[in-house]
1. Can you name the number of the only condition in (1) modelled with pLDDT under 95; (2) closer than 23 Å to SER292 by Cβ that LYS206 fails?
2. When the stretch 272-285 is examined, which residues are found to be free of Cβ contacts under 8 Å to residues at least 12 places away in the same chain, part of a loop (DSSP other than H, G, I, E, B) and among the polar types (S, T, N, Q)?
3. For the stretch 89-106, which residues satisfy the criterion of being among the hydrophobic types (A, V, I, L, M, F, W, C) and either buried (at least 19 other Cβ atoms within 10 Å of the Cβ) or in a strand (DSSP E or B) (or both)?
4. Given the conditions (1) without any contact (Cβ under 8 Å) to a residue 60 or more places away in the chain; (2) surrounded by fewer than 15 Cβ atoms within 10 Å (Cβ to Cβ); (3) under 24 Å from GLU286 (Cα atoms), report the number of the one that PRO57 does not fulfil.
5. TYR66 fails exactly one of the following numbered conditions: (1) buried (at least 19 other Cβ atoms within 10 Å of the Cβ); (2) under 30 Å from LYS287 (Cα atoms); (3) not β-branched (Val, Ile, Thr). What is the number of that condition?
6. Could you tell me whether any residue of the stretch 234-243 is surrounded by 15 or more Cβ atoms within 10 Å (Cβ to Cβ) and modelled with pLDDT under 95?
7. Give the residues of the stretch 152-181 that are touching a His at 6+ places or on another chain (Cβ under 8 Å) and surrounded by 15 or more Cβ atoms within 10 Å (Cβ to Cβ), sorted by residue number.
8. Check LEU42 against each of (1) of a type outside the set (Val, Ile, Thr); (2) at pLDDT 50 or above; (3) over 27 Å from ALA153 (Cα atoms) and name the one condition it does not meet.
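The values are calculated or read from the model by the stated rules, or taken from the named source; none is laboratory data. Nothing here was measured: the structure is a model prediction, and the numbers come from that model. With ideal geometry, Cβ positions are generated from the backbone for all residues, glycine too; neighbour counts draw on all protein chains shown.
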Amino acid sequence: MKCIKITCLFILSILFSSLVLQAQSDSATSNKSYFKFSGSYLSNSIYNGRQDSISTPYLTPSIGFYDKSGFYIIGSLSYLSSAKEKRVDLYSFDIGYDFSISKKLTGSVYANKSAYNQTSTAIQSDVKGSGGAVFSYDLNFLQVDAGADIMFANKADIGFNFGLSHAFSFGDQTSVFTLTPAVSTNFSTLHFYEGYTNRKLTKVAKLLNPALVSSVSTTTVDNSKITLMDYEISIPLNYEHQNLGFFITPTFALPQNPIYTTTTTVNKLLNGTQNTFVNNSTPKSEKTLSNSFFVELGFYIKF
């Protein structure tokens, strides 16, 4: 709880500082305001190197407004396009502010509100919203990024991420290709995984036993501390011609530190019987971690 309060104060202080820096932030923002419509396809929803046993591909249209001051607001929905299930799986709303402290040091603060379908199998489907900040420092040959987040589920999670990247640009001012090889690492507490496991086990229990009146699962993660979750290697490629752009981001994720869980399940049957089970709910995918590859591709139009 103390860590959460400290992180909240940290993010609030950054929000206040960014407002003070607004008049000094011309170099970090566009010289005009614009709307941006985009559409993307994500081959599989992978969070902190974790994925569900069922592939979760998303088609996501979004629209956003980007003010020349650095303020932006984005709304989107994600349509689950797997072979077995097709539905709108997620509504998302983002708000943020980009700013510049110096020519080399820039930052961003942001907040997100998410609403997942009750039957969603996405690993992060228990997260209802988040807020955070990220800073980037340009070393000319390398860009260094560092960020902190709070994710709000049934319990709050704290996350940290660090990354290194370098952009290579080809073309002119009206038509340019940008290739940005990057490596990053993610750290987080693990309450999001407890909620995900509860949702999945309750869904499975009701499918296997129609006689259930209710099934309530309570999952605890053996390690409640901040944990190294994964390393990620990505090579985003972006092409922009005037107000039209295309992008593709292949990513290779290497998960670290298995998440071990214990679940207590209380089942109530139609005849009034109540059964309680305690079991090791650690999935096979966590006992034998495996690397994963996913791709996001799409387009955008500015107007």
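1. The single condition LYS206 does not satisfy is (2).
2. THR273
3. LEU90, PHE93, ILE95, PHE99, LEU105
4. With (1) without any contact (Cβ under 8 Å) to a residue 60 or more places away in the chain; (2) surrounded by fewer than 15 Cβ atoms within 10 Å (Cβ to Cβ); (3) under 24 Å from GLU286 (Cα atoms) applied to PRO57, the lone miss is (2).
5. Exception for TYR66: condition (2).
6. For the stretch 234-243, residues surrounded by 15 or more Cβ atoms within 10 Å (Cβ to Cβ) and modelled with pLDDT under 95: absent.
7. ALA153, LYS155, ALA156, ASP157, THR180
8. Every condition holds for LEU42 apart from (3).
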